[in-house]
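Encoded as C-alpha cells, the structure appears first; notes follow it.
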C-alpha cells in the first residue's frame, strides 16, 4: 500500500469516526427531545381529562363503556383507561384498552405517584402515562409513537446521507492533500531509482520548501553529494595506487628476471641484486599496508578505549630508535588520556616520528612533546615549504625535495585520516628557528581528566 493511499484512508477513517460520533449524538439528543415532548403532552392531557372527570360522570358512562364524550378536548386522539386497584378496567374510551402492568397497579394502589412505559397495541407503538385518579384508581393516558418513529427514521436517513457525503468528500480532499504532501517523497524515490539504474550521483531533486519533506529532499541531496565525493576519492585512490605500484612492481619483476640468470652474475653483483630486490619488496609491502589503511579508513572496527598518549608515544619512539640509530629521539611528556583506537593512534604518531626522522640530518635530534592530548613532533631539517603546506596531508603527495627519499607519500595522509576519525586535527608548519613542526591534537575525553589510570601505561606498552 502506497503512502498516498494510507494517508487517504487515514483521512477518510478519521472523518468517518467524527461523523459517526456527531451523528450518534444528534440522533440520541433528538430522540430524547421528541420523547420528552410526548411525555409532557401526555401529562398535560391527563390534567385536562382530570378536570373533565366530573362532567364525564354526569354523562352517566357506566364502567366498561366504549363511548366517549365528543365535546371533550384531546380525547379522540389519545388512548385513555380508568382502572381500580385490582387492575379491573372501570372505564375504557373508544374501545382501545391499555395493558395493565405492575407499574400501573402500583400507581392505583398509591405506591407510586406516576409512571411511564412503552407498549405495543395492535402493532402500534404507544407511550403510556399513569397517574392517580382518586382513592384506589389510576388513569392511563397513551399516545401513539408512530409519528415520532417516522421522524427519527427520517433523521437517521438524513444523517447517513450526510455521513456518506462527508466521508466521500474527506477521501477526495485527503487524496489531493496526500498527493501534494508525498510529491517530494515520490521525487526522492524517482531520484533513487535513477541513481540505482544509471549510477549517476549528480542527479539532485529540487527543494521547494523548508518543511519536513523539504528537509528530506535536502538530506537526500546531501547524501548524494557525500556518496559522489566518496566515489571520487575511491577512484582517485585506485588511480594513484596503480600509478605508485607500477614502478616498484616493474623493478621487482626486472630484478627477478635477472636473478633467473643468477649463474651468469658475479657473486658480488648477485648479492647486491638480492638486497635490492628485498628492499623493493619491503617498500612494496609498506605501500600496500598504507593503501589498506587508507581504504579501510573509519570502517575499521577497533573499539575506542582510554589511551595514555604519553605512554603510547614513548613506546613508538623506542621503536623509532631501533629503526633510525643515527637520530636522537627526545620525548618530553606527561600522562594524557584520550579516547581512541590504540592501534590507529599509534600508527599516526609513528608516521609523524618517521617523517621527522627522514628529514632530520644524522645526529640531529627529533623533539617530541606530549601535553594536553597533543603530540608535537619537531625535526631539524629544512622545514615545510609554504607552497607544500596545503598539500602535505594529501594522498601520494611528495614535495620536490622528497621524491628522492623512500616512501609512498601516504604516511601523513594516514595521520590526517586518524585525526579526522577521532574528531581531532593535525597541522604542519616550520619552527621559528628552522625545522618541521607537526602538531597532532585529540579532543578531550568525557571526564576531562589527564592523569593516567592505573595500568594504562603497562597495557599500552604492548601496542604499536
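The values are calculated or read from the model by the stated rules, or taken from the named source; none is laboratory data. Model, not experiment: these values are computed from the prediction. Here Cβ is always computed from backbone atoms with ideal geometry, including for glycine, and neighbour counts include all displayed protein chains.
Taking the conditions exactly as written (touching a helix residue (DSSP H, G or I) at 6+ places or on another chain (Cβ under 6 Å), closer than 26 Å to residue 303 by Cβ and assigned to a strand (DSSP E or B)), does residue 353 satisfy them or not? Answer is no for this residue.
From (1) surrounded by 15 or more Cβ atoms within 10 Å (Cβ to Cβ); (2) farther than 24 Å from residue 395 by Cβ, pick out the condition that doesn't hold for residue 332. So residue 332 meets the others, but not (1). When residue 272 is tested against (1) in a helix (DSSP H, G or I); (2) modelled with pLDDT under 80, just one condition goes unmet, and that condition is (2).
Considering each of 168, 174 in turn, give the residue that is modelled with pLDDT of 80 or more and crowded, with 16+ Cβ neighbours inside 10 Å. The match here is 174. Here residue 134 meets each of (1) in contact with a strand residue (DSSP E or B) (Cβ under 8 Å, 6 or more places away or on another chain); (2) more than 10 Å from residue 83 (Cα to Cα); (3) surrounded by fewer than 17 Cβ atoms within 10 Å (Cβ to Cβ) with one exception, condition (1). Looking at the stretch 108-131 only, could you name the residues that are buried (at least 18 other Cβ atoms within 10 Å of the Cβ) and more than 24 Å from residue 34 (Cβ to Cβ)? Listed by number, the list holds a single entry, 108. Would you confirm, using the coordinates I've provided, whether residue 344 is at pLDDT below 90, surrounded by 15 or more Cβ atoms within 10 Å (Cβ to Cβ) and within 15 Å of residue 417 (Cβ to Cβ)? It is true that residue 344 is at pLDDT below 90, surrounded by 15 or more Cβ atoms within 10 Å (Cβ to Cβ) and within 15 Å of residue 417 (Cβ to Cβ). Taking the stretch 301-334 as the range and being over 24 Å from residue 417 (Cα atoms) and in a loop (DSSP other than H, G, I, E, B) as the test, the residues that pass are 324, 325, 326, 327, 334.
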